[in-house]
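First the structure, in the form of structure tokens, and then the observations on it.
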Amino acid sequence: MSPATAVAADPALAVLDDPAEFNGCTRWVVDGAGQRLAETVLQLSGMHCAACSGLIEQALYRVDGVRSAVVSAASERATVSWDPERTRPSTLIGAVQAAGYGAVPDAAAPARALRRQAHRQALWRLFVASFCAMQVMMLATPSYVAGPGDLDPEMRQLLNWGSWLLSLPVLAFSAGPFFSGAWQALRARRIGMDVPVSLGVAITFIASTGATFSPDGVFGHEVYFDSMTMFVSFLLGSRYLELSARHRAAEALESSLARLPETAWRVLPDGSTEAVSLHRLQPGDLLRVPLGQAFPADGQVEQGHTRADEALLTGESAPVDKPQGAAVVAGSTNLGAPVLMRVQRVGGDTRLEAIVSMMRSAMAQRPAAAALADRWAPPFLWTVLVLAAGAAAVWSVIDPSRAVWVAVSVLIVTCPCALSLAAPATLVAAARGLARRGVLLQRLDALERLARVQQVFFDKTGTLTEDRLQLAQVQLTDAGQAMLGDVARARAAAAALAAWSSHPLSRAVVEAQRGSPVAASADADPAAAWTDLQEMAGQGVQARDAQGRSWRLGGPAWTGGEAADDAQVLLSCDGAVLAGLSFEETLRPGTEAALRELQQAGVRVTLLTGDAPARAAALAQRLGVQDVRARATPEDKLAAVAQAQREGRCAAMVGDGINDAPVLARADVSLAMGQGALVSRSQADAVITSNRLGDLVRARSTARHAVRIVRQNFIWAGAYNAVSIPLALAGYLPPWAAGLGMALSSLVVVTNALRAAR
């Protein structure tokens, strides 16, 4: 029996095989062969560096039935695809534990407990290392400042013994993660970043111990307990900052799910209510949602009128009006009044769960820059070990008393922690910052491509415009001028008729007139006494006023006239056309400003639409867009993006419909609107949940900022090694300076990476 199988057989893990335990962190997918697979997300603990990812992945791949395993050191999560016919969740967790790490299903409570434990332990390790380092430095100071003969040899020996004693807790407790990480890597026949760190710490302690208890021995009389303790302290400090950044990202996801209530109030057929678990809800259930409670599922308002706080989902701070029939989403808060809602989607099908799932998926990925750093880390580390051994051999001939210390300095100063932290820490911080602003990344690599975008293709309907029209113009005829006198009275008369219709164009007329006190006319107030009201499907609405005149609002053929210019609706009285009403599409708020900013930044903007050329040109003129492709089929859109790519431009596509899915998949980077079709959202690299195109501009700015930070981190890590390694080889960099430099290098990288979230 393999170790993984033995651990999995532990009865304490058997409870994890209950579907109620792991369904919350598992989704079911079908592979290309039609086989049903489970995709489970595990929360990990005990990871100390990026190399731990490879060790855990190897342990999971050794489990029979595991198809794929992706481990992210940045978010401390593992996404495992496995065959339920051949393995169980407990076996997966047992394999991770056998590899020396902790794992639980990614549910909020155990994950929080793991994080609290990891945070508390990391803080204690840092405290012990820092406290002891200060005491050791205090004991080492007399040796540094005393002149020749000023410090009695017996006193020096006593100070060295005190330093040795204070270094023991640092070695045994604080440096524990480095030794355990190195041991796990060596067991897996791999070399990780903890290996040179552990060698440096161990060699420094052993050599300093020899110098303490045998000053005339092979190690000489110089001790470097202060270098060792300070090195461990600073390195733990940088890792603590990285741990805090990962925990903040995880807490942001959990706060999303925490918005859901623990129970829902289901209305029974007899009108009474019962409290039920959210897991027991079904589509079609009628729920009572009290004031101040979050909506437990996606659905629509069945009875009542309220307002909802959807800031968590869309970034919109103002409450959204929710009349009867309006859609509500799980996790938004009921702020107006108690309402009844009809459930449409529950559990993993809700928009909130989809958002959280997208963020988990993005944070579990390893970006290309991080993967590149991981590929270079092993050969780099082998080179470091060879350099350290070679330096020790050369200095054993030049000056044997310095050979060990030169080798230690080389091992310490070249630890590539900063190199491996440069990309993942930055990109995860940027993804967390974008999520707060209404843009959810599904693939971290999209940030790197978004920063390089040179041309953006926009779908029109549902992307640049909303799914409703607005009244653009009312044009009076001669008859209308004689009867009504001015446009304001014509608008009022049209709105009075439209108020009795539910047609989208009628609603647009009413919306345009809302708040205006103008009546239709002095001697004919249709709103006051309509009679014989009728709405003719596909034609319009008609009624008689107090004088018995027949008013109609509808299409040209039905109202008795011909549309003037681009008028779609006519207003007539007794067959005489009084006015023509023309409509235009409603632009999403901030669309014009967003496109203007993109073009000012040098990005080429192209409008792709299936509309007629005249309508497409009119919208493009409003937006200031020069490149327009009208009557574009999905094949045409795909060809346009492919052409831009062939010409060497990095192309982005922004869309929302089912027909946009192919071109979203083809584009270098794709963004879907949050209210778009599910298939388009699944194909996109990012989803604009706020439905504001201004957030696209901010996302591009954030991406460019994040890429600059990654580049800065790589340059810093490379420059630091280029300067420090020759100094260490030449013997000009003592171990204490090497430890300080390496720790400060990691600290600079992590601190710089946190700027990406701003």
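The values are calculated or read from the model by the stated rules, or taken from the named source; none is laboratory data. What you see is a predicted model; the values in this text were computed from it and never measured. Here the Cβ positions follow ideal geometry from the backbone for every residue, glycine too, while neighbour counts run over all protein chains shown.
Data overview
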{"read-out": "Filter result for G554 (closer than 27 Å to T586 by Cβ, crowded, with 17+ Cβ neighbours inside 10 Å and either at pLDDT 80 or above or within 49 Å of the chain's Cα centre (by Cα) (or both))", "value": "yes"}
{"read-out": "Where a residue in segment 127-155 is assigned by TED's automatic domain parsing to the domain that holds F173 and its partner, wherever it lies, is not in a helix (DSSP H, G or I), with Cβ under 6 Å and at least six apart", "value": "P142/L151"}
{"read-out": "Residues of segment 709-726 satisfying the condition of being without any contact (Cβ under 8 Å) to a residue 24 or more places away in the chain and closer than 15 Å to R755 by Cα", "value": "R711"}
{"read-out": "Complete set of residues in segment 169-196 that are in contact (Cβ under 8 Å) with a residue 24 or more places away in the chain and part of a loop (DSSP other than H, G, I, E, B)", "value": "A175, A188, R190, I191, G192, M193"}
{"read-out": "Failed item in (1) under 30 Å from S163 (Cβ atoms); (2) at pLDDT 70 or above, with Q282 passing the rest", "value": "(1)"}
{"read-out": "Matching residues in segment 686-712 - criterion: being in a loop (DSSP other than H, G, I, E, B) and surrounded by 24 or more Cβ atoms within 10 Å (Cβ to Cβ)", "value": "T689, L693"}
{"read-out": "The listed residue being farther than 27 Å from S701 by Cβ and surrounded by 18 or more Cβ atoms within 10 Å (Cβ to Cβ), out of L607, L570", "value": "L570"}
{"read-out": "Residues of segment 197-219 satisfying the condition of being of a type in the set (A, V, I, L, M) and in a helix (DSSP H, G or I)", "value": "V197, L199, V201, A202, I203, I206, A207, A211"}
{"read-out": "Strands (runs of 3 or more DSSP E) contained in segment 423-505 and holding at least 1 residues surrounded by fewer than 19 Cβ atoms within 10 Å (Cβ to Cβ) and acidic (D, E)", "value": "465-476"}
{"read-out": "Any chance R77 is within 25 Å of A430 (Cα to Cα), at pLDDT below 90 and either surrounded by fewer than 24 Cβ atoms within 10 Å (Cβ to Cβ) or in contact with a Leu (Cβ under 7 Å, 6 or more places away or on another chain) (or both)", "value": "yes"}
{"read-out": "Total residues in segment 267-295, condition at negative phi, touching a residue at least 40 places away in the same chain (Cβ under 8 Å) and outside any helix (DSSP H, G or I)", "value": "14"}
{"read-out": "When residues of segment 18-57 are limited to those that are modelled with pLDDT of 75 or more and touching a Gly at 6+ places or on another chain (Cβ under 7 Å), the one surrounded by the most Cβ atoms within 10 Å (Cβ to Cβ)", "value": "C52"}
{"read-out": "Some residue of segment 143-158 being over 17 Å from T229 (Cα atoms) and of a type in the set (K, R)", "value": "yes"}
